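Trainee: Below are the structure tokens for one structure; questions will follow.
Read-outs: derived from the displayed coordinates by stated rules, not from any lab. None of the values given here were measured: they were computed from a predicted structure. Positions of Cβ are generated from backbone atoms using ideal geometry, with glycine treated the same way; all protein chains shown enter the neighbour counts.
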Amino acid sequence: MTARFYVTTPIYYVNGAPHIGHAYTSIAADVLARFHRLSGHDVFFLTGTDEHGQKVEQAAQTAGVEPKAFVDTISANFRDMADSMAISYDDFIRTTEPRHIKSAQALWEKVAESGAIYLGAYEGWYALRDECFYGEDELVSDAQGNKVAPTGAPVEWVKEPSYFFKLSDYQDKLLALYEAHPEFLGPTGARREIISFVKQGLRDLSVSRTSFKWGIPVPGDEAHVMYVWFDALANYLSALDYPNTDAPKAAFWPASLHLVGKDIARFHAVYWPAFLMAAGIDVPKKIFANGWWTVEGQKMSKSLGNVIDPRDLVKEFGLDAVRFFLLREVPFGGDSDLSRKSLIMRNNVELANDLGNLCQRTLSLVARNCGGIVPERRTLTDEDSQILGQVALLPSLMATQMERCALTDALEDVWKVIRAGNAYIDHQAPWALKKTDAERMNDVLRVLLDVLRGIATVLQPFMPHSMERMLTQLGVTDSERSFAALETLLPAGRELPAPQGIFPRYVEEQTA
């Protein structure tokens, strides 16, 4: 049976424009989805927007529009961001869609049937910005001495009727889950924080509100709307047409991987598995929390004017240069800094110099000395076999890294081979062999073509547009671009198109 891979981004909250952090998580999920497709797996890749809650209701009122019109505009902006970044999602879900509302209400009913939901009254601290309830012991003081959430968000004292989820009943079950399945939550820092949080004791969780109306009505009590996180988390099931177990996508559950920002790790690693346990549904296989982005060493904020729309970066530097930089700069899972200087350096050194020059030199030599025809693969020297062996290992090496969500390490595995390829061409000097040993020149160029094919094939998930161009220039047809296809050599005698540069160097404009 074909292996299934179900990967999700968080659904993005529609209280503002997309920024680099949204693009980062989406690109990481896209790389994983594309990698598994190239591996021959059956992939379902979900993204979308989270459109309910008090924050949205208030923002719509401020804008002077109905909430649905407000979220329609912002959701379309997030979809445009995804399309602009070449995010190959299979479904884009919105929590205002009827299919989601139906599934979220079905999940509520299933959890309620288990006895895990009861009616009470909530009195305590609530952070509107975080859409999160906080205990007194979690609050901190800001510079003015005011109580704020640990995230720095303002809090208000709330008192209203509320349904509660018996989260306190799930402390031991959650700790048992983390212990039995250490791979359930990563990276290590996020795992430690979540385990520490749960060990401190869990309070029952307010899961409904009555002080606003923009949300999904609680089944059987429409005076209440669902807490936005109960609503939002259900999207991972509603995209599979829950509770219809015969639906075409139902077999994708449990999810293979939820990619989330570290600020929402608690909701995904504590609340979500507890809700699922109560409903008798399998928990996801893995949750991975990535870090935050700063810009030139400063936290992104509207007041500083440094919130970057990723589409602006793409217009200036090109799509694949941006995708590459975001996943190459810092180990995935850690915090990262968006530095213009670093982006330009990555583009010029690793893309233009390392990979671009290797490809351009090889293809130019084939065009000039072999008539643009793929030479035969003949007898290999030890040096030939060594570098071809390194390339052949890349799909399995990268699969191991992908399983760990070590996307930066996967790229480093490829760059080791690229550096070896540059050392090989320099040492073999095929331009000199033309005069002394034309047959050996052909052998060297054939090895280089095969090396570049392997490199371009495994880099497709990271830089889809550039690698499509590179594979075309290498004479690789659409049906020859999967990992399995690498086991079959390209036929000799295939005519290659005229070589063209793929990664231009970026030169800063000089200001007077």
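Trainee: What shape does the range 271-420 take by its C-alpha gyration tensor, where a ≥ b ≥ c are the square roots of the eigenvalues and a/c under 1.5 counts as rounded, a/b above b/c as prolate, and the rest as oblate?
Mentor: Values: a/c = 3.02, a/b = 1.46, b/c = 2.06.
Judged from the Cα gyration tensor, the range 271-420 comes out oblate (a/c at least 1.5, b/c at or above a/b).
Trainee: Can you list the residues, at least 5 places off or on another chain, whose amide H is less than 5 Å from the amide H of Ala406, using H built in the peptide plane?
Mentor: When sequence neighbours closer than 5 places are left aside, there are no close amide H contacts.
Trainee: Amide H of Val295 versus every other amide H placed in the peptide plane: which residues, excluding those fewer than 5 positions away on the same chain, fall under 5 Å?
Mentor: Met300, Leu338
Trainee: Take the Cα atoms of the range 4-291, build their convex hull, and give its volume per residue in Å³. Could you put the intermediate results ahead of the total?
Mentor: Values: hull volume 38.6 nm³, N = 288.
Per-residue hull volume (Cα only) is 134 Å³.
Trainee: Assuming a ≥ b ≥ c are the square roots of the Cα gyration tensor eigenvalues, decide whether the range 126-243 counts as rounded (a/c under 1.5), prolate (otherwise, with a/b larger than b/c) or oblate.
Mentor: Details: a/c = 1.83, a/b = 1.05, b/c = 1.75.
Taking the square roots of the gyration eigenvalues as a ≥ b ≥ c, the range 126-243 is oblate.
Trainee: Out of all DSSP beta bridges in the chain, what portion is antiparallel? Express it as a percent rounded to 5.
Mentor: On the way: 25 of 48 bridges.
Restricted to the chain, the bridges split so that about 50 percent are antiparallel.
Trainee: Express in nm, to one decimal, how much length is gained between Asn244 and Leu128 on full extension, taking 0.36 nm for each residue of separation and deducting their alpha carbon distance. Before the final figure, lay out each step's value.
Mentor: Details: separation 116, 0.36 × 116 = 41.76 nm, distance 3.40 nm.
Gain on extension, Asn244 to Leu128, equals 38.4 nm.
Trainee: May I ask you to list the residues of the range 359-387 whose amide nitrogen lies under 17 Å from a point 7 Å from Cα along the Cα→beta-carbon direction of Ala492?
Mentor: In the range 359-387, the label zone of Ala492 (backbone N under 17 Å from the point 7 Å along Cα→Cβ) covers 366-367, 369-381, 384-385.
Trainee: Exposed loop GluC sites (Glu not before Pro) only (DSSP loop, at most 15 other Cβ atoms within 10 Å): please give the longest stretch of the chain free of them, not including the sites. Please report the intermediate quantities before stating the final value.
Mentor: Working: sites that count: Glu296, Glu376, Glu508, Glu509.
My reading of the result: 1-295 is the longest stretch.
Trainee: Cα gyration tensor of the chain, axes a ≥ b ≥ c as square roots of the eigenvalues: rounded (a/c below 1.5), prolate (a/b > b/c) or oblate?
Mentor: Values: a/c = 2.49, a/b = 2.03, b/c = 1.23.
Taking the square roots of the gyration eigenvalues as a ≥ b ≥ c, the chain is prolate.
Trainee: At 222 nm, what value in deg cm²/dmol follows for the chain if DSSP H runs of at least 4 each add -39500 (n - 2.57) and the sum is divided by all its residues, to the nearest 500? Spell out each step's value before the answer.
Mentor: Values: 18 runs with 223 residues, N = 512.
Dividing the helical sum by the residues of the chain leaves -13500 deg cm²/dmol.
Trainee: Another question, if that's okay. Treat the count of other C-beta atoms within 10 Å as a stand-in for reagent exposure and order His427, His22, His258 from fewest to most.
Mentor: Values: His427 9, His22 23, His258 26.
Least crowded to most crowded, the residues run His427, His22, His258.
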